[in-house]
Amino acid sequence: MRRGAEARFFGSYVNKIDAKGRLATPAVFRRALDLASENVIYCIPSTEEPCIDCGGADYLEHWMLMIDQLDPCSPKRVSLERAIATQLTPISPDKEGRIVLPDHLRKHAHLDGQAMFAGHIRSFQIWNPEAFDEVLVAAKKFASDAKLSLRNPPAIVEAS
């Protein structure tokens, strides 16, 4: 399993939110996050959709590197920094891999009773399962067109 900067998140998993508000993180996602080295999942409400964007330290670092490429005084950079810095919530899973999402995150994603962990390759999202079903239908239609734009990657030549 890849870890750290090479972590990859694939698949979707629906888990119950218990009476205490705890939610089990899928074991395959916990392994990719490498929670043994840093017991934190970084969560932020999506700016585009009713879901929560999540990842490990590499996810946060990736965002910071991209933001650093923007002009320091640009409204885009200021807005991104403000949105991330004020809304990013580090959450530490318990020994069983369960997390407790704060109320503002649960409300943003309309979570009640169940939550879906959806792999997003370099990160993952937490969705209301019913809302995700609709989003996935739309994504499949768009992906069908997007596949036509894909090109084979350049051949990797290994040095002898």
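The values are calculated or read from the model by the stated rules, or taken from the named source; none is laboratory data. Note that this is a predicted model, so its numbers are computed, not measured. Every residue, glycine among them, receives a Cβ derived from its backbone with ideal geometry; neighbour counts consider all protein chains shown.
Annotations
- Any hit, segment 31-40, residues being surrounded by 20 or more Cβ atoms within 10 Å (Cβ to Cβ), closer than 22 Å to PHE10 by Cβ, under 13 Å from the mean Cα position of the chain (by Cα) and touching a residue at least 60 places away in the same chain (Cβ under 8 Å): no
- Helices (runs of 4 or more DSSP H) fully within segment 9-118 counting 2 or more residues that are under 17 Å from PHE132 (Cα atoms): 103-108
- Per-region count, segment 85-142, residues among the small types (Gly, Ala, Ser), touching a residue at least 12 places away in the same chain (Cβ under 8 Å) and surrounded by 12 or more Cβ atoms within 10 Å (Cβ to Cβ): 7
- Qualifying residue in segment 50-70 (condition: surrounded by fewer than 16 Cβ atoms within 10 Å (Cβ to Cβ), touching a residue at least 12 places away in the same chain (Cβ under 8 Å) and closer than 16 Å to LYS107 by Cα): no
- Checking the stated criteria, ILE126 turns out to be assigned to a strand (DSSP E or B) and either of a type in the set (D, E, K, R) or under 18 Å from the mean Cα position of the chain (by Cα) (or both).
- Subset tally (residues that are over 26 Å from ASP34 (Cβ atoms), modelled with pLDDT under 95 and among the charged types (D, E, K, R)) for segment 97-129: 2
- Among the residues of segment 21-43, some residue qualifies, meaning at least one is in contact with a strand residue (DSSP E or B) (Cβ under 6 Å, 6 or more places away or on another chain) and of a type in the set (Lys, Arg).
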